[in-house]
1. Looking at the structure I just gave you, is residue 141 assigned to a loop (DSSP other than H, G, I, E, B) and surrounded by fewer than 19 Cβ atoms within 10 Å (Cβ to Cβ)?
2. In segment 171-199, how many residues are within 28 Å of residue 110 (Cα to Cα) and at pLDDT below 95?
3. Against the condition at pLDDT below 95, over 19 Å from residue 154 (Cβ atoms) and under 20 Å from the mean Cα position of the chain (by Cα), how does residue 72 come out, does it pass?
4. Does at least one position in segment 77-86 carry a residue that is within 22 Å of residue 228 (Cβ to Cβ) and without any contact (Cβ under 8 Å) to a residue 24 or more places away in the chain?
5. In segment 163-193, which residue that is surrounded by 23 or more Cβ atoms within 10 Å (Cβ to Cβ) and in a loop (DSSP other than H, G, I, E, B) is nearest to the chain's Cα centre (by Cα)?
6. Please go through segment 107-136 and pick out each residue that is more than 28 Å from residue 196 (Cα to Cα) and not in a helix (DSSP H, G or I).
7. What do you reckon, is residue 207 under 23 Å from residue 29 (Cβ atoms), surrounded by 15 or more Cβ atoms within 10 Å (Cβ to Cβ) and at pLDDT 70 or above?
């Protein structure tokens, strides 16, 4: 493949037409935007492959296994969203419903959108969860806030999807999101072995510049921008074993060694994922 050539897919972040070959992962070609640096799969897998990946019975298994941590994370995020003036929230990709629970417990009104099988657990607890793809959802009234926790990186056309979802909001509504960061130290050091590069599940990994441009294209400006990792020793160990980099006990040792500096990087804004709160212009 040429080092620089027009791709079958324009940059999903900034819409630039040129990208540079980066590497292949799991049989999928990954390229890097020559303008904003965002990494993305090109060409895209078929819609059937993307949807089948999301509809796997175990899709949100990580969220279920890490319930205590994710509920604490959801409580903190709800407080931020509420502090920005939101009382009525829609969450896309709600999964088993940790954020739904946290919002309801604070007296907020919240609905979910998620066709995945694991969303049934949230419905069983009394939440309104629309079992449709986001393109099929039609709100009955504007929302104050839209939550997209680990969603953007899964979308074949994130700019179009974000533009659609922003229209669900009131004029000064909030978009609260998290997504893996290609600008963090872990991504820079690990390269193709960065655990968040998992096509066809993750179709793009944004740089900060790329995510800023994506938000601007949707008419959003960030009012709060932080980073986090959630790559503790067990998570790092699993990632190393999955990539064949540390079999047996060695993976556990490497995972423990790597976890401590990652906690420092989170505080410096160079973590594994972005957490952003943006307001409609």
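1. Details: assigned to a loop (DSSP other than H, G, I, E, B): yes; surrounded by fewer than 19 Cβ atoms within 10 Å (Cβ to Cβ): yes.
Taking the combined requirement at face value, the residue satisfies it.
2. Looking only at segment 171-199, we keep the residues that are within 28 Å of residue 110 (Cα to Cα), and these are 171-181.
Now narrow it down to the ones that are at pLDDT below 95: none.
Of the residues in segment 171-199, 0 are within 28 Å of residue 110 (Cα to Cα) and at pLDDT below 95.
3. Criteria met by residue 72.
4. Within segment 77-86 (the criterion being within 22 Å of residue 228 (Cβ to Cβ) and without any contact (Cβ under 8 Å) to a residue 24 or more places away in the chain), the answer is yes, since at least one residue qualifies.
5. Filtering segment 163-193 for residues that are surrounded by 23 or more Cβ atoms within 10 Å (Cβ to Cβ) and in a loop (DSSP other than H, G, I, E, B), the one nearest to the chain's Cα centre (by Cα) comes out as 182.
6. The initial filter retains those residues of segment 107-136 that are more than 28 Å from residue 196 (Cα to Cα), namely 107-110, 123-128.
Selection gives 107, 108, 109, 110, 125, 126, 127, 128.
7. Working: under 23 Å from residue 29 (Cβ atoms): yes; surrounded by 15 or more Cβ atoms within 10 Å (Cβ to Cβ): yes; at pLDDT 70 or above: yes.
Here the answer is yes, as residue 207 does meet what is asked.
The values are calculated or read from the model by the stated rules, or taken from the named source; none is laboratory data. From a predicted model like this one, the values you see are computed outputs, not experimental measurements. Cβ coordinates were reconstructed from backbone atoms using ideal geometry, including for glycine residues, and neighbour counts include every protein chain displayed.
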